[in-house]
1. Out of curiosity, is Phe18 out of contact with any Ser or Thr (no Cβ under 8 Å at 6 or more places or on another chain) and of a type outside the set (Val, Ile, Thr)?
2. Return the residues of the stretch 30-44 that are surrounded by 11 or more Cβ atoms within 10 Å (Cβ to Cβ) and either in contact with a Pro (Cβ under 8 Å, 6 or more places away or on another chain) or among the charged types (D, E, K, R) (or both); say none if nothing qualifies.
3. Test Ser42 against the criterion of being under 15 Å from Leu96 (Cα atoms) and either at pLDDT 90 or above or part of a strand (DSSP E or B) (or both), and give yes or no.
4. Output the number of residues of the stretch 1-29 satisfying the condition of being in a strand (DSSP E or B), open to solvent by 50 Å² or more (accessible area, probe 1.4 Å) and either modelled with pLDDT under 80 or more than 14 Å from Ser42 (Cβ to Cβ) (or both).
5. So, in the stretch 64-74, exactly how many residues are more than 14 Å from Met27 (Cα to Cα) and open to solvent by less than 80 Å² (accessible area, probe 1.4 Å)?
6. Would you mention how many residues in the stretch 45-63 are open to solvent by 70 Å² or more (accessible area, probe 1.4 Å) and either without any contact (Cβ under 8 Å) to a residue 12 or more places away in the chain or assigned to a strand (DSSP E or B) (or both)?
7. So in the stretch 1-57, with the set limited to residues that are of a type in the set (Lys, Arg) and in contact with a strand residue (DSSP E or B) (Cβ under 8 Å, 6 or more places away or on another chain), which one is nearest to Ala95 (Cα to Cα)?
8. Among the residues that make up the stretch 5-21, is at least one of them over 14 Å from the mean Cα position of the chain (by Cα) and closer than 22 Å to Leu96 by Cα?
Amino acid sequence: GYLFNFNGFHLVEGLSDFNSTLQFEYMDVLNSKYWDGVKIGSEFRFFEIISVRFGYYNIEYNSSTREEFTYGFGLSIPFRILLNFPLRVSFDYAALEHSYMNQQKVEDFNSLSVKLNYMFN
């Protein structure tokens with residue numbers, strides 16, 4: 001993966017202006033010529049508060065190919081900056097189509113999470 005941080009403008013004191021992450025994975029099972037694929041994902045975070053995520057995967061199994069795009073977003077509230085309290089509350093959402101390899105249609109995958117982080121000194 002690759003991580004890029006930009007703190008040039010310091011628009012909000014104590015927070016990074018912009019972060020981005022790029023992740024790439026190539027799958028090739030060594031003991032099988034029937035299972036391989038490519039996965040690519042990226043995240044863009046603004047002021048450590050708003051995150052936008054995009055992804056793509058292409059998986060081959062036997063003679064079947066599955067190719068889909070994924071997306072998600074997140075919201076993080078940094079109480080350490082707002083109230084000088086060492087807590088961060090995060091809400092995340094992700095969506096992707098189910099990666100089935102047969103012809104049976106399965107309901108799409110949606111994930112919603114809430115995370116509390118307490119930062120000890």
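1. yes
2. Start the filter on the stretch 30-44 by keeping residues that are surrounded by 11 or more Cβ atoms within 10 Å (Cβ to Cβ), which leaves 35-44.
Within the stretch 30-44, Asp36, Lys39, Glu43 meet the criteria.
3. On the way: under 15 Å from Leu96 (Cα atoms): yes; either at pLDDT 90 or above or part of a strand (DSSP E or B) (or both): yes.
The answer is yes for Ser42.
4. 7
5. 5
6. The initial filter retains those residues of the stretch 45-63 that are open to solvent by 70 Å² or more (accessible area, probe 1.4 Å), namely 45-46, 50, 54, 60-63.
Subsequent filtering for residues that are either without any contact (Cβ under 8 Å) to a residue 12 or more places away in the chain or assigned to a strand (DSSP E or B) (or both) retains 45-46, 50, 54, 60-61, 63.
Of the residues in that region, 7 qualify.
7. Keep residues of the stretch 1-57 that are of a type in the set (Lys, Arg), which gives 33, 39, 45, 53.
Checking the rest, the ones that are also in contact with a strand residue (DSSP E or B) (Cβ under 8 Å, 6 or more places away or on another chain) come to 39, 45, 53.
Numbers: Lys39: 15, Arg45: 18, Arg53: 10 Å.
Per the stated criteria, the residue is Arg53.
8. Initial filter on the stretch 5-21 (over 14 Å from the mean Cα position of the chain (by Cα)): 5-18.
Within this subset, residues satisfying the condition of being closer than 22 Å to Leu96 by Cα are none.
No, there is no match, as no residue in the stretch 5-21 is over 14 Å from the mean Cα position of the chain (by Cα) and closer than 22 Å to Leu96 by Cα.
The values are calculated or read from the model by the stated rules, or taken from the named source; none is laboratory data. Because the structure is a prediction, the values reported are computed rather than measured. Virtual Cβ from ideal backbone geometry, glycine too; neighbours counted across all protein chains shown. With ligands, DNA and RNA removed, areas are computed over all heavy atoms of the protein, side chains included. Shrake-Rupley method; radii C 1.70, N 1.55, O 1.52, S 1.80 Å.
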